[in-house]
Amino acid sequence: AQSVTQLDSHVSVSEGTPVLLRCNYSSSYSPSLFWYVQHPNKGLQLLLKYTSAATLVKGINGFEAEFKKSETSFHLTKPSAHMSDAAEYFCVVNNILTGGGNKLTFGTGTQLKVEL
Amino acid sequence: DTGVSQNPRHKITKRGQNVTFRCDPISEHNRLYWYRQTLGQGPEFLTYFQNEAQLEKSRLLSDRFSAERPKGSFSTLEIQRTEQGDSAMYLCASSEGGAGEQYFGPGTRLTVT
């Protein structure tokens, strides 16, 4: 089965500085990868997805991620952090199920803190 | 499109009681998923429906858990004889076929005392 590892459980940045949230994946074939964000008391929201098209994927709210096969990485970045970006971020890989469904396997999450 | 909805949002129950949660997916989505998220962890897959057929169940889903999607629309997840270890956020997601983009509901937070 495919899996992901999020390398940092907590990341703290100052508002206006770049954000880097790291994720490595393990897969025997070309994976579908996602980043989801979870704000307190809100549902999970899809930020962006990679499905073997362009390796640089742009998402919502200025986030982007780059798929690097040679490094088995899918790191999430944003040039300038905003206070509203403070949340839990999950790197996710898709495992195909019997009957064609998709089991999402989540990393353990990275809590992003944005300071003034 | 009102998104995925779940009810109740919060449930507190005593150990040994039965509880049932409901999920209403996005109306045109034929696939429905249940996940469980414990504190400090990412969500873990529990089960999957395509229309009314339950096609996959995780080993996490013990005999005390049962899920249904009787008419291929809403789904229910029942936990019988609840245990303190069942305390978690139960998330529902739905999708169309294909690339696996799943849309999540706000979850039902279960606390077993």
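The values are calculated or read from the model by the stated rules, or taken from the named source; none is laboratory data. All values reported here derive from a predicted model rather than from experimental measurement. As a convention, Cβ positions derive from the backbone with ideal geometry for all residues, glycine included, and neighbour counts pool all protein chains shown.
Things worth noting here:
- Boolean, residue B:9 is in contact (Cβ under 8 Å) with a residue 12 or more places away in the chain, more than 14 Å from chain A (Cβ to nearest Cβ) and farther than 28 Å from residue B:98 by Cβ: no
- Of everything listed in (1) exposed (fewer than 15 other Cβ atoms within 10 Å of the Cβ); (2) in a strand (DSSP E or B); (3) modelled with pLDDT under 95, the single unmet condition for residue B:48 is (1).
- Filtering segment B:77-110 to residues that are touching a strand residue (DSSP E or B) at 6+ places or on another chain (Cβ under 6 Å) and exposed (fewer than 15 other Cβ atoms within 10 Å of the Cβ) leaves B:78, B:84.
- Scan of segment B:63-76 for residues that are surrounded by 14 or more Cβ atoms within 10 Å (Cβ to Cβ) and without any contact (Cβ under 8 Å) to a residue 24 or more places away in the chain, ordered by number: B:65, B:66, B:68
- Of all residues in segment B:12-38, those satisfying the criterion of being more than 14 Å from chain A (Cβ to nearest Cβ), assigned to a loop (DSSP other than H, G, I, E, B) and on the phi < 0 side of the Ramachandran plot are B:14, B:15, B:17, B:18, B:27, B:28.
- Figure legend. Inter-residue proximity from segment B:22-39: first residues surrounded by fewer than 21 Cβ atoms within 10 Å (Cβ to Cβ), second residues outside any strand (DSSP E or B) and aromatic (Phe, Trp, Tyr), beta-carbon distance below 8 Å, spacing 6+ or different chains. Indicated pairs: B:22/B:74; B:24/B:74.
- The lone exception for residue B:41 - which of (1) under 30 Å from residue A:10 (Cα atoms); (2) not in a loop (DSSP other than H, G, I, E, B) it fails: (2)
- For segment B:63-113, taking the residues that are in a loop (DSSP other than H, G, I, E, B) and basic (Lys, Arg), the one that is farthest from residue B:16 (Cα to Cα) is identified as B:71.
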